[in-house]
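Working notes, structure below.
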Amino acid sequence: MSQSAVFLPILQYAQPNYKRCECCGRTRDIYYHMNVLDPTNNGQLLIGGFELCEKCALKLGSITSQEVKQEVVLARFDVDEEI
C-alpha cells in the first residue's frame, strides 16, 4: 500500500446515493467516499472528504495504488420469471 493510500482511503457505501460527484461534477450514483486524513498527525485527524462516482473512484484508486472494491451481484431477480 502506498503512502498516499494511507492518508486517502476510499470506502464503499452500502447503498449508492444519487447526487453530484465532487471529482467530475456529474450528477450520478455515488458509490464511494474518499476521506482526506492529516499526514502530519499520522492520519488520525480527518481533514475532509469527497463523494465519488464509480468511474472517479476507480481512477483515483489507480492513482493512489488502492484496490477499489466493486459491488458484486450474486443473483438478479426477474419479476416475470415463474417460481
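Between LYS69 and LEU45, the contour length at 0.36 nm per residue exceeds the Cα-Cα span by 6.2 nm. Measuring nothing but how far apart in sequence close Cα pairs (under 8 Å, 6+ apart) lie, relative to its length, the chain scores a relative contact order of 28 percent.
Distant-in-sequence amide contacts of CYS23, defined by a placed amide H-H separation under 5 Å and a gap of 5 or more residues or a different chain, comprise CYS53. Taken as Cα centroids, segment 14-30 and segment 35-56 sit 17 Å apart, rounded to the nearest whole angstrom.
The phi-based Karplus calculation (6.51 cos²θ - 1.76 cosθ + 1.60; θ = phi - 60°) puts the 3J(HN,Hα) values of segment 35-50 at 7, 10, 9, 7, x, 6, 10, 6, x, 8, 10, 7, 8, x, x, 10 Hz, whole numbers, x for Gly and Pro.
For LYS19, the lysines whose Cα comes closer than 17 Å to its Cα, not counting residues fewer than 8 places off in the same chain, are LYS55.
Working ranking of peptides 46-54, 67-75, 10-18 by packing, defined as the average number of other Cβ atoms within 10 Å per residue, highest first, is 46-54, 10-18, 67-75.
Every read-out reported here was derived from the displayed coordinates using simple, explicitly stated rules and does not represent laboratory data. Here the structure is a predicted model, which is why all the values come from computation and not from measurement. Cβ: placed from backbone, ideal geometry, glycine included. Neighbour counts: every protein chain shown.
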